[in-house]
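**Q** Below you will find the structure I want to go over with you.
The values are calculated or read from the model by the stated rules, or taken from the named source; none is laboratory data. Since the model is a prediction, treat every value here as computed from it, not as a measurement. Because the Cβ atoms are built from the backbone with ideal geometry, glycine has one as well, and the counts that use them run over all protein chains shown. Ligands, DNA and RNA are excluded from the accessible area calculation, which covers all protein heavy atoms including side chains. Shrake-Rupley method; radii C 1.70, N 1.55, O 1.52, S 1.80 Å.
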Amino acid sequence: MPVARHWQPNPDGSIASLPSADGERPAGQLLGDELRRHREKRGFTLAAAARAIRGSTSKLSRVERGESPAKPRDVYDLAAFYGLSRQEMAFLDQLLAQAANSEWYERFADVTPHFLRRLIRMEGRAEEITIFENQVVPGLLQTERYAEALVRMMEANPPSDAEIARIVALRKGRQLILGQDMPRITVLLDETVLDRRRGSADVMREQLEYLLAAAGRPKVNVRILSKDAVSPPMAITYLTFPDGVPSDLAYLENIEGATYATRQKSLDNYRKVLGDARNGAMGLEESIDAIERAAETWRRRAAQEQ
């Protein structure tokens, strides 16, 4: 989760466009130019900026000239050091992606466990995703500050601000699929999640207001399970794919790793459990009302904490 300034995909898709590859300079050189421009604009020497990435002046000079490939971690550390805006950081991220010619999430490999990279890859290919959560708002619907609070709470050895910024950027990057035609997303959320504090009261206020906005999207279906409803004892993410290729997949995460279920018997069980939870959940209007009531409670608490 971000430092003072967080990377975030532009919700309007209005990030500056990249020049085409044909007849233009390589993306690596353009990335170097941008990094040098930001450094000089802020009056930093090569030596000062190099210290921010734990490197030498010659290393940074080669990166700025496009002679050496820029490592994602170095780019994000420099962006944080220069205090770049979200749009400036997003443009650097586009350049970095074009230079690396890789899946976007691979640029976060240093802060992403292997088991989660597989899930992210499959999310982008899914036709429908059904999520049940009884502890937290699912990552696909988290705000930056809520995600940051979770990271700080879960890590035994507190990560640096730069590492937290990259973890949050990864979670926000996953939300790009919300702007696509597929997948359809159903979120079954235990009502206790709305009341469980993660961070400050204002963090919770913002998160629940964001959840309300997400519930208004045509492709996102948010349903609340009351505290008295029968619900699964663990979080489950279930993915289906167009034409059944690949076959369905169930994902269960724990604090140390994750389990992927692909055998038909297991999938039948998880599908039944999720179906029962969906049938026992509140209707749309009742779910919206429950979220709104919780949001109002957190608004009052946030006002009291100011």
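**Q** Search region 286-306 for residues that are among the small types (Gly, Ala, Ser) and pair each with any residue that is surrounded by 13 or more Cβ atoms within 10 Å (Cβ to Cβ) and in a helix (DSSP H, G or I) when their beta-carbon atoms are under 6 Å apart and the residues are at least 6 apart or on different chains.
**A** Note: pairs meeting the criteria are ALA294/LEU194; ALA294/LEU208; ALA295/LEU208; ALA295/GLU209; ALA302/ALA201; ALA302/ASP202; ALA302/ARG205.
**Q** ASP243 - would you say it is of a type in the set (D, E, K, R) and surrounded by 12 or more Cβ atoms within 10 Å (Cβ to Cβ)?
**A** On the way: of a type in the set (D, E, K, R): yes; surrounded by 12 or more Cβ atoms within 10 Å (Cβ to Cβ): no.
Against the criterion (of a type in the set (D, E, K, R) and surrounded by 12 or more Cβ atoms within 10 Å (Cβ to Cβ)), ASP243 does not qualify.
**Q** Does ALA302 meet the test of being under 18 Å from the mean Cα position of the chain (by Cα) and surrounded by fewer than 18 Cβ atoms within 10 Å (Cβ to Cβ)?
**A** Values: under 18 Å from the mean Cα position of the chain (by Cα): no; surrounded by fewer than 18 Cβ atoms within 10 Å (Cβ to Cβ): yes.
Here the answer is no, as ALA302 does not meet what is asked.
**Q** Just checking, does region 251-263 include any residue being of a type in the set (Asp, Glu), within 28 Å of ARG198 (Cβ to Cβ) and either without any contact (Cβ under 8 Å) to a residue 12 or more places away in the chain or open to solvent by less than 50 Å² (accessible area, probe 1.4 Å) (or both)? Working first, answer last.
**A** Narrowing region 251-263 to residues of a type in the set (Asp, Glu): 253, 256.
Pick out the ones that are also within 28 Å of ARG198 (Cβ to Cβ) and you get 253, 256.
Then keep just the ones that are either without any contact (Cβ under 8 Å) to a residue 12 or more places away in the chain or open to solvent by less than 50 Å² (accessible area, probe 1.4 Å) (or both); that gives 256.
Yes: region 251-263 contains one or more residues that are of a type in the set (Asp, Glu), within 28 Å of ARG198 (Cβ to Cβ) and either without any contact (Cβ under 8 Å) to a residue 12 or more places away in the chain or open to solvent by less than 50 Å² (accessible area, probe 1.4 Å) (or both).
**Q** On the basis of being more than 24 Å from ALA215 (Cα to Cα) and surrounded by 15 or more Cβ atoms within 10 Å (Cβ to Cβ), does LEU274 make the cut?
**A** Numbers: more than 24 Å from ALA215 (Cα to Cα): no; surrounded by 15 or more Cβ atoms within 10 Å (Cβ to Cβ): yes.
In short, no.
**Q** Check whether at least one residue in region 163-180 is of a type in the set (Asp, Glu), more than 26 Å from SER266 (Cβ to Cβ), at pLDDT below 95 and assigned to a helix (DSSP H, G or I), and report yes or no. Outline the logic, then answer.
**A** Applying the first criterion (of a type in the set (Asp, Glu)) to region 163-180 yields 163.
Filter once more, so that each one left must be more than 26 Å from SER266 (Cβ to Cβ): 163.
Narrowing further to those that are at pLDDT below 95: 163.
Then keep just the ones that are assigned to a helix (DSSP H, G or I); that gives 163.
Yes.
**Q** Another one. Go through region 46-61 and report how many residues are open to solvent by 80 Å² or more (accessible area, probe 1.4 Å) and either small (Gly, Ala, Ser) or more than 31 Å from the chain's Cα centre (by Cα) (or both). Can you show your working first?
**A** Restricting attention to region 46-61, the residues satisfying the condition of being open to solvent by 80 Å² or more (accessible area, probe 1.4 Å) are 51, 54.
Pick out the ones that are also either small (Gly, Ala, Ser) or more than 31 Å from the chain's Cα centre (by Cα) (or both) and you get none.
So the count comes out to 0.
Quick grid of which residues meet (1) of a type outside the set (A, V, I, L, M, F, W, C); (2) in contact with a helix residue (DSSP H, G or I) (Cβ under 7 Å, 6 or more places away or on another chain):
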{"site": "PHE132", "(1), (2)": "no, yes"}
{"site": "PRO138", "(1), (2)": "yes, no"}
{"site": "THR143", "(1), (2)": "yes, yes"}
{"site": "GLU148", "(1), (2)": "yes, yes"}
{"site": "GLU155", "(1), (2)": "yes, no"}
{"site": "ARG174", "(1), (2)": "yes, yes"}
{"site": "ARG184", "(1), (2)": "yes, no"}
{"site": "LEU189", "(1), (2)": "no, no"}
{"site": "ARG196", "(1), (2)": "yes, no"}
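**Q** Scan region 277-299 residue by residue and report those that are farther than 20 Å from ARG198 by Cβ and open to solvent by 10 Å² or more (accessible area, probe 1.4 Å).
**A** Scanning region 277-299 gives ARG278, ASN279, GLY280, ALA281, MET282, GLY283, LEU284, GLU285, GLU286, ILE288, ASP289.
**Q** Scan region 62-91 for residues that are crowded, with 16+ Cβ neighbours inside 10 Å and on the phi > 0 side of the Ramachandran plot and jot them down.
**A** Correct list: GLY66 only.
**Q** Return the pair list, or none, for Cβ contacts closer than 6 Å from residues in region 58-81 that are over 13 Å from HIS38 (Cα atoms) to residues that are polar (S, T, N, Q) and assigned to a helix (DSSP H, G or I), at least 6 apart or on different chains.
**A** Taking only residues 6 or more apart or on different chains, the pairs are GLY66/GLN29.
**Q** Considering only region 118-162, how many residues are open to solvent by 20 Å² or more (accessible area, probe 1.4 Å), part of a helix (DSSP H, G or I) and more than 15 Å from LEU208 (Cα to Cα)?
**A** The qualifying residues number 9.
**Q** Please find, within region 96-128, the residue that is modelled with the highest pLDDT out of those that are hydrophobic (A, V, I, L, M, F, W, C) and touching a Gly at 6+ places or on another chain (Cβ under 8 Å). Steps first, answer last, please.
**A** In the first step, residues of region 96-128 are kept if they are hydrophobic (A, V, I, L, M, F, W, C); the result is 96-97, 99-100, 104, 108-109, 111, 115-116, 119-120, 122, 126.
Imposing the further condition that a residue be touching a Gly at 6+ places or on another chain (Cβ under 8 Å) reduces the set to 99, 104, 108, 115.
On the way: ALA99: 68, TRP104: 60, PHE108: 65, PHE115: 77.
Within region 96-128, the match that is modelled with the highest pLDDT is PHE115.
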